[in-house]
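Notes follow once the structure below has been shown.
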Amino acid sequence: AGHSYCGVFVDDHSRYTWVYTVKNKSEVLDIFKKFYADTAIIRSKNPLCCIRRDNAGENMSADLKQWLTDNGIRSESSTPFEPWQNGRAEVQIRVLCNLARTNMIASGLTGKFWARAIFYAADILNIQYRADLQMSPHESLVGTEPDVSKCQPFGVECWLYVREEQRQDRKFDARGEPAIYCGRSTMDNRSSYVLY
């Protein structure tokens, strides 16, 4: 989709991770707003108290600071040139990138699918058991065990069903098209595929 950057949000308590992609760094306020909307149900039980971020220019804009203030969210930032203060987020970003890179290499997909691979990596990390939590981040945040019944490996060959009205010859055309599974869609709970 022409995205060049991703924003990663990590809940300090549950380690649950949200990933958003953007085309330009100037869109950071938009992903903060999207994150805020996406967590509305969670915030009804556990209010969002504080956002901690690094001192990159896009994270320190006056508009973003004003939006955080307007929504009653305390704003914290790390000291310049001290990335260790962003330890949890930096580690999570490194883990996401390593998983995404491994999945892309194993699947044979090209670099243009980096965002799909990172979304997939975040989904896997959110449902994976963590010894420090003694549960998965999903279970820690939501309170229920994640449904892993529909999990598939990234890059696995699959078939997409072609509805009857989409076929040229309804009786004899193929009922499916070969595809590669690229994880859950970012828009809803449907899966995403690459046709080949």
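The values are calculated or read from the model by the stated rules, or taken from the named source; none is laboratory data. The structure displayed is predicted, hence computed values, not measured ones. Positions of Cβ are generated from backbone atoms using ideal geometry, with glycine treated the same way; all protein chains shown enter the neighbour counts. With ligands, DNA and RNA removed, areas are computed over all heavy atoms of the protein, side chains included. Shrake-Rupley method; radii C 1.70, N 1.55, O 1.52, S 1.80 Å.
So here's what we get for this one:
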read-out: Those lysines that a straight Cα-Cα span of less than 18 Å connects to K23, excepting residues fewer than 8 apart in one chain; value: K33, K34, K112
read-out: For the chain: accessible area per residue (Å², 1.4 Å); value: 64 Å²
read-out: Those chymotrypsin sites (Phe, Trp or Tyr not before Pro) in region 127-178 that DSSP places in a loop and that have at most 14 other beta carbons within 10 Å; value: Y129, F172
read-out: Debye-sum result for region 34-77 in log10 I(q)/I(0), which assumes one identical scatterer on each alpha carbon, at q = 0.25, 0.30, 0.32, 0.34 Å⁻¹; value: -0.95, -1.17, -1.22, -1.25
read-out: Cubic angstrom per residue, convex hull over Cα atoms of region 1-136; value: 123 Å³
read-out: Where trypsin sites (Lys or Arg not before Pro) fall in DSSP loop in region 13-86, at most 15 other Cβ within 10 Å; value: K23
read-out: MRE, 222 nm, helices only [DSSP H, n ≥ 4, -39500 (n - 2.57), over the chain, to nearest 500]; value: -10500 deg cm²/dmol
read-out: Three-way shape label, region 72-123, alpha-carbon gyration tensor, a/c 1.5; value: prolate
read-out: Gain in span if fully extended, H3 to V142, counting 0.36 nm per residue against the direct Cα distance; value: 47.1 nm
read-out: Degrees, to the nearest 10: 28-38 long Cα axis against longest axis of the chain; value: 70 degrees
read-out: Using alpha-carbon coordinates, inclination of helix 114-127 to the longest axis of the chain, degrees; value: 70 degrees
read-out: GNM flexibility winner over the chain from Q134, Q168, Q152 (Cα, springs under 10 Å); value: Q168
read-out: Listed residues D132, D54, D63, most fluctuating in the chain (Gaussian network, C-alpha, under 10 Å); value: D132
read-out: Aspartates and glutamates whose Cα lies under 17 Å from that of K45, excluding same-chain neighbours fewer than 8 positions away; value: D11, D12, E139
read-out: Candidates W114, W18, W67, ranked by Gaussian network fluctuation over the chain, Cα under 10 Å, top entry; value: W67
read-out: Relative contact order computed over the chain (Cα-Cα under 8 Å; 6+ residues apart), in percent; value: 16 percent
read-out: Net +/- balance of residues flanking D12 in space, Cβ distance below 10 Å, scoring K and R +1, D and E -1; value: +2
read-out: Carbon + sulfur, % of accessible area of the chain - ligands and nucleic acids excluded, 1.4 Å; value: 52 percent
read-out: D70-F35 pseudo-label distance in nm [points 7 Å out on the Cα-to-Cβ vector]; value: 1.8 nm
